Amino acid sequence: MKIGIISDTHGTFDKVLQDFLQPCDEVWCAGDFGTTEVADKIAAFKPLRAVYGNIDGEIVRRMYGEFCFFEVEGVKVLMTHIGGYPRKYAPKALQHIHGARPKIFVAGHSHILKVIYDPIYDLLHINPGAAGKYGIHKVRTAVRFDIEAGEIKNMEIGEWEKGESF
C-alpha cells in the first residue's frame, strides 16, 4: 500500500500536491488543513486519515480528532499535530506512544520535514513538513512510501518552491 503524508496545508491543496499524491492509496494529514473545504477536497481525492491542527476551526475539530491510532498492513500508526520528536515528545503524545506502541508516529506543526528512527520506542517518527504556501517554511514538502507486509519501504520526499503552483 502506498501512503502519502502531508501537514500544514494552510488552505492549499493544489495540482503540485495532487500530482505527488496521485499514486498513493491513502493520504494521511497531520493537521492544519486551514479550511473545511481543503479537508473535504483531500478526502474526495483519496481515502483520508487525519487529525486537526492548532489553526483548524471548530468544524474541522468535529470532523477529526486530536489523535488518530490505526493499523495498516500490520503496521501500527499514531498521528497527531503537535507531537514533538524523539527525545522531545510533547507530554500528551508520549502518553499515547506508551499506550499504543506504534511503529510509525506522525506529527506536523513545526513546518520542518523530519524522518527519524527512535530506538528508544522502536518507531519511525515522520513529520512531513509543511505542504502549504503559507507559514514560516522556505520550501513545501510532503512524504510518500510503501507499507508491505509490515515493512516500510521506498520513502520519497516531495519538495517544491513555496510559490510553486500549477
Flag if ASP32 is of a type in the set (D, E, K, R), assigned to a loop (DSSP other than H, G, I, E, B) and either on the phi > 0 side of the Ramachandran plot or open to solvent by 80 Å² or more (accessible area, probe 1.4 Å) (or both): yes
- request: Working only within segment 149-161, note down all residues that are under 18 Å from LEU123 (Cβ atoms) and either within 15 Å of the chain's Cα centre (by Cα) or not small (Gly, Ala, Ser) (or both).
  value: GLU151, ILE152, LYS153, MET155
task: Just need a number here: residues in segment 117-136 that are out of contact with any Ser or Thr (no Cβ under 9 Å at 6 or more places or on another chain) and surrounded by 14 or more Cβ atoms within 10 Å (Cβ to Cβ).
output: 7
task: Would you tally the residues in segment 14-28 being of a type in the set (S, T, N, Q) and open to solvent by 80 Å² or more (accessible area, probe 1.4 Å)?
output: 1
task: Residue by residue through segment 131-145, note down the ones that are farther than 12 Å from ILE5 by Cβ, in contact with a strand residue (DSSP E or B) (Cβ under 8 Å, 6 or more places away or on another chain) and not in a strand (DSSP E or B).
output: GLY132, LYS133
message: open to solvent by 50 Å² or more (accessible area, probe 1.4 Å), in contact (Cβ under 8 Å) with a residue 24 or more places away in the chain and farther than 15 Å from SER7 by Cα: which single residue out of GLU148, GLU58, GLU156, GLU71 fits that description?
response: GLU148
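The values are calculated or read from the model by the stated rules, or taken from the named source; none is laboratory data. The structure presented is a predicted model; accordingly, all values stated were derived computationally and were not measured. Cβ atoms come from the backbone with ideal geometry, glycine included; neighbour counts cover every protein chain shown. Accessible surface areas use protein heavy atoms only, side chains included; no ligands, DNA or RNA. Shrake-Rupley method; radii C 1.70, N 1.55, O 1.52, S 1.80 Å.
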